[in-house]
Amino acid sequence: MSSLRPDLAVIAARIAPDTRVLDVGCGDGALLGSLRDAKRVDARGMEIDAALVAECVARGLSVVQGDAERDLADYPDGAFDYAVLGQTLQTAQRPDLLLGELLRVGRTAFVSFPNFAHWRTRAALLWGGRMPVTRALPVSWYETRNIHHVTVADFEALAGAMGVAIRRRWFFSGGKRLAGSGANWRAEFALFELSR
Amino acid sequence: MPAAHNLLTLPDPLPLDGGGVLERAEIAFETYGELAPDKSNAILICHALTGDQYVAGAHPVTGKPGWWERMVGPGKPVDTDRFHVICPNVIGSCMGSTGPASPGPNGAPLAMRFPVITIRDMVRGAIALLDALGIEQLHGVVGGSMGGMQALSLAANWPGRAARVLAIATTARHSAQNIAFHEVGRQAIMADPGWNGGEYYAGAAPAAGLAVARMAAHITYLSEDGLTEKFGRNLQAKADGTAGAKSFGFDADFQVESYLRHQGSGFTKRFDANSYLYITRAMDYFDLAEEHGGLLAEAFAGAGARFCVVSFDSDWLYPTAESRHLVHALNAAGAPVSFVELSAPHGHDSFLLEVPALDRVVAGFLG
């Protein structure tokens, strides 16, 4: 599990064995494969990119090609113990609706995203006057898939407005975990564990 | 047919959805690769409308390579060094299994006295073959197009019989458009005076009607882009090698016309017109949800298999929306399912052609 991205490694550690997990935007299936092998999890994925889905199927994973904002509707309420949305929220047309769907199909949700209020981003915008291109946000504004930039404070406010309970939160910078203080300045990435 | 097919005569009458039975039905089949001592490595491959049991290797009638030669064989995605592949010819067909060309009690071909069959009847025949071969659980069942329908029908009606179900370029029900195209084909056959109510086996077959049926169907297997790329508006060169020109008549001026005529006439040499009627009818009757109280998810409620559904973006015969409908039902039934829409230019026929991504999915899913 050491090869997992830091947010996924935390999620993998939090997920109980023998549960049902849906990873939305599962990419090449790294988290799902790890959960299946290490925790006998019934691991399912959804991924929009056909080549990545083919890679997952080739690993023996059950992954459906689809657009989370359209196709999560196919799953019954509470179909999963956990629903995971790793660094995908900021690419959604309507992150609020997606978050609602995530917590409809999963009893617990893990959501991670790049924090737009990180000091590097703030500095780039403040001093450069241009949309930031940073370690955490490496793609220019005109070709990035991130269409809804969000900050730690924004996300917490949305969760509050939606009546979603934040169970735990983790922050990362340079691939390492951070303590929580000043996270909205210091965190490059954030991960939240949520429930209804 | 001069070729001697491998045949198994079913010991028991085969009950049919239409109410009758087939007595002493024969199933023609081919196998590839060794069956493991514990019989755990068997894969059933189901063929499409005009396919047959000759998946790989040279076809004894046409001399051409098997219809899935590129997918099935030693070291190929369906690896016959590891798997024992079984492919039966569906009942109703004409490559050795009992069908309308088979003799009836008086020795004459059954023709239209052959009962109307369904996709589930075809699978019932395949299951009877597996029973006779002593294969209780399949490592997997695989099929494209009508073969995919059989794979889904097997999963729904014989739960537990297959551990993996791979359904490619297929659908859980025939749409109005699918039925409409088939009806054009059937009417072309029946409008041919040679058809003679199906009683043509002693004389000339309704080749013109069957060829038109094949031409119309063949268009549905391709894509507009594929046809444009392959033929465009190019004119057919003359027989003496001179450049093509408009004839101001009704010869095959365009290459696409020539191609379709060739497809049509070639098909009549290897396929029985009555079989075409019966098999297209079976496909039109196919609606997996209808068999299960109108809810497709119910069909898979106890399936207990892993599913993989593959569609192609250029397939307008069984478009991706049909696969999504199927995947939706499998999800609702809680079945482990993978789904991928692959990009390929060849339309419905993509499942038979060079699509490397399909090879990876097939090999990966079968494990």
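General remarks:
- Search result, residues across segment A:61-95 that are more than 14 Å from chain B (Cβ to nearest Cβ), assigned to a loop (DSSP other than H, G, I, E, B) and touching a Gly at 6+ places or on another chain (Cβ under 7 Å): A:Thr88
- Residues within segment B:61-71 that are over 16 Å from the mean Cα position of the chain (by Cα) and within 15 Å of B:Gly144 (Cα to Cα), tallied: 1
- Of all residues in segment A:43-66, those that are without any contact (Cβ under 8 Å) to a residue 40 or more places away in the chain have Cβ atoms under 7 Å from Cβ atoms of residues that are of a type in the set (Ser, Thr, Tyr) and not in a strand (DSSP E or B), 6 or more apart or on another chain, in A:Ala50/B:Ser343.
- Near pairs, Cβ below 7 angstrom, 6+ apart or cross-chain, from segment A:9-23 (in contact (Cβ under 8 Å) with a residue 40 or more places away in the chain) to any residue that is in a helix (DSSP H, G or I) and surrounded by fewer than 19 Cβ atoms within 10 Å (Cβ to Cβ): A:Ile15/A:Lys39
- Once segment A:57-107 is narrowed to residues that are over 24 Å from A:Trp141 (Cα atoms) and hydroxyl-bearing (Ser, Thr, Tyr), the residue that is modelled with the highest pLDDT is A:Tyr82.
- Total residues in segment A:140-156, condition open to solvent by 60 Å² or more (accessible area, probe 1.4 Å) and aliphatic (A, V, I, L, M): 1
- Residue list for segment B:168-190, restricted to those being touching a Phe, Trp or Tyr at 6+ places or on another chain (Cβ under 6 Å) and of a type outside the set (S, T, N, Q): B:Ile168, B:Ala169, B:His174, B:Ile189
- Hits in segment B:318-334 (condition: at the interface with another protein chain (Cβ under 9 Å from one of its Cβ atoms) and outside any helix (DSSP H, G or I)): B:Gly334
- As a summary of the residue check, A:Thr121 satisfies the conditions (1) over 29 Å from A:Gly174 (Cα atoms); (2) of a type outside the set (A, V, I, L, M); (3) not in a loop (DSSP other than H, G, I, E, B) except for the one numbered (1).
- If only residues of segment B:267-286 that are farther than 18 Å from B:Trp67 by Cα and polar (S, T, N, Q) are counted, the one that is surrounded by the most Cβ atoms within 10 Å (Cβ to Cβ) is B:Asn274.
- Search result, residues across segment A:124-166 that are among the aromatic types (Phe, Trp, Tyr) and closer than 18 Å to A:Leu102 by Cβ: A:Phe155
- If the condition is being open to solvent by 10 Å² or more (accessible area, probe 1.4 Å) and away from chain A (no Cβ under 14 Å), then segment B:299-316 contributes B:Gly302, B:Trp316.
- For first residues located in segment B:94-110 and in contact (Cβ under 8 Å) with a residue 12 or more places away in the chain and closer than 19 Å to B:Asn6 by Cα, partners that are open to solvent by 30 Å² or more (accessible area, probe 1.4 Å) and of a type in the set (Phe, Trp, Tyr) and lie 6+ apart or on another chain with Cβ distances below 8 Å form the pairs B:Ala101/B:Tyr201.
- The test for being touching a Gly at 6+ places or on another chain (Cβ under 6 Å), closer than 30 Å to A:Asp77 by Cβ and at pLDDT below 95 does not hold for B:Gly294.
- Count of segment B:19-35 residues which are out of contact with any strand residue (DSSP E or B) (no Cβ under 7 Å at 6 or more places or on another chain) and surrounded by 13 or more Cβ atoms within 10 Å (Cβ to Cβ): 1
- Here segment B:338-367 is the region considered, the condition is being more than 7 Å from chain A (Cβ to nearest Cβ) and in a loop (DSSP other than H, G, I, E, B), and the residue that is nearest to B:Thr320 (Cα to Cα) is B:Ala344.
- Condition check for A:Ile166: over 30 Å from B:Ala329 (Cβ atoms), of a type in the set (A, V, I, L, M, F, W, C) and assigned to a strand (DSSP E or B): yes
- Screening the candidates B:Asp12, B:Asp38 for the property of being open to solvent by 40 Å² or more (accessible area, probe 1.4 Å), of a type outside the set (S, T, N, Q), in contact (Cβ under 8 Å) with a residue 60 or more places away in the chain and assigned by TED's automatic domain parsing to the domain that holds B:Phe114 yields one hit, B:Asp12.
The values are calculated or read from the model by the stated rules, or taken from the named source; none is laboratory data. Keep in mind that what you see is a predicted model, and the values were worked out from it rather than measured. Neighbour counts run over all protein chains shown; Cβ positions are idealised from the backbone, glycine included. Ligands, DNA and RNA are stripped out before the accessible areas are found, and what is left, the full protein with its side chains, is counted by its heavy atoms. Shrake-Rupley method; radii C 1.70, N 1.55, O 1.52, S 1.80 Å.
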